[in-house]
């Protein structure tokens, strides 16, 4: 499933109050922990993110403390760690589960299967979810014991450009990055075992912050991807005058012949539209200058952008002004509903 599918599935589990343990599998940098955090926020729940690979068994089980019972016999009690939930409702998220050594997984297994460890019990309103990377992602992982694996719902999440674009637009990531990845979708996630930095959804968000500060982005996404992006920016700076097109003065403006420049132009228009008139003018120019495929790309990303800005009325008003836009929406209704 893609990140959007994962988010919906997890939200449905909470809505239906299905308190089963979940294991989320996926490559590093895809945003597993961010999705869980967003689901918790949307559900008005707390989330406790525990990185198991960074803990020892006693960090999770707690420390033994000597005591005496009513008969005066010496016993030991386990004092659980302060980060485990005591009250309320939320998600106890055990991240990097299969990167933890077997001894640590054994302790975590008690928490996951029995919802208790030592004298500690997970409160009724808390969900226990976990996540880990796959062996094929070249991660240093341990095999999960069969009894532990059999108690999970297993959800496999993969990188997805459309889901990334929706999230990126909503979080005001530079349209230059969105346009570049639309042109080179294979660089959304490309693990490079020979380099410490490589492109992933997470590292592209890091790159966006560096780009905004006019700093080199290679430390985030690696030299090869950064070199391609810099080359793309040179093309991006030479695209047609988007402002003139949206103002209705684009009849004499020809579409770029270079594929990368055309991607930059179409996405630049989609993410810049703020009024119904601008949307109509941009769409009318695309009807003359481009094919159906580019028009669809424009409408999809314009819909994402206006939705993220809370300006859904822009699209509705544009449809009233442009019958062909209405026709386009009817043809691609199912596709747009899934956007």
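Observations on the model:
- Here the chain carries DSSP beta bridges of which approximately 30% are antiparallel, counting only pairs with both residues inside.
- Secondary-structure-derived ellipticity at 222 nm for the chain, considering helices only, amounts to -14500 deg cm²/dmol, per-run term -39500 (n - 2.57) for DSSP H runs with n ≥ 4.
- For the chain, the longest principal axis of the Cα atoms and the long axis of helix 102-114 meet at an angle of about 90 degrees.
- Counting neighbouring beta carbons within 10 Å and listing from fewest to most, the residues 76, 174 come out as 76, 174.
- Alpha-carbon centroids, segment 183-217 and segment 96-117: separation in whole Å: 33
- Full extension of the chain between residue 19 and residue 51 yields a length gain of 9.4 nm, computed as 0.36 nm times the residue separation minus the alpha carbon distance.
- On full extension, the segment bounded by residue 75 and residue 215 gains 44.5 nm, given 0.36 nm per residue less the C-alpha separation.
- Rounded to the nearest 10 degrees, the inclination of helix 223-236 to the longest alpha-carbon principal axis of the chain is 30 degrees.
- Under a Gaussian network description of the chain, with springs only between Cα atoms under 10 Å, the residue in 292, 61, 151 that fluctuates furthest is 292.
- With R₀ fixed at 30 Å, the C-beta to C-beta distance from residue 37 to residue 293 puts the FRET efficiency at about 0.25.
- Residues listed by number, segment 115-137, amide nitrogen under 17 Å from residue 65 label point at 7 Å toward C-beta: 117-121
- Rg [Å, one decimal], Dmax [Å, integer] - the chain, C-alpha atoms: 25.0, 96
- Using alpha-carbon coordinates, inclination of helix 312-321 to the longest axis of the chain, degrees: 30
- Both numbers refer to the Cα atoms of segment 221-297; Rg and Dmax are 13.3, 41 Å.
- When the P(r) is computed for segment 3-156, the part past 27 Å accounts for 24% of the Cα-Cα pairs.
- Relative contact order of segment 192-339, pairs being alpha-carbon contacts under 8 Å that are 6 or more residues apart, as %: 16
- Comparing 230, 14, 75 in a Gaussian network model of the chain, where Cα atoms under 10 Å apart are tied by springs, the biggest mean-square fluctuation is seen for 75.
- Between residue 2 and residue 190, the distance separating the two model label sites (each 7 Å from Cα on the Cα→Cβ line) works out to 2.0 nm.
- Extension gain from residue 230 to residue 206, taking 0.36 nm per residue of separation minus the Cα-Cα distance: 7.0 nm
- Centroid-to-centroid, using Cα positions, segment 34-62 and segment 267-320 are 40 Å apart.
- For 49, 114, order by how many other beta-carbon atoms lie within 10 Å, fewest first: 114, 49
- The tail of the calculated P(r) for segment 161-337 beyond 25 Å holds 34 percent of all Cα-Cα pairs.
- Considering every alpha-carbon pair of segment 7-97, the percent of pairs per 5 Å bin, from zero through the bin containing the longest distance, is 3, 11, 18, 19, 15, 12, 8, 6, 4, 3, 1, 0.
- Summarising the label geometry, the points placed 7 Å from Cα in the beta-carbon direction at residue 12 and residue 134 lie 2.1 nm from one another.
- Debye intensity ratio in log₁₀ form over the Cα atoms of segment 80-237, taken at each q of 0.11, 0.20 Å⁻¹: -0.62, -1.16
Every read-out reported here was derived from the displayed coordinates using simple, explicitly stated rules and does not represent laboratory data. If you're wondering where the values come from, they're calculated on a predicted model, not measured in any experiment. Don't worry about glycine lacking a Cβ; one is built from the backbone with ideal geometry, like all the others, and counts go over all protein chains shown.
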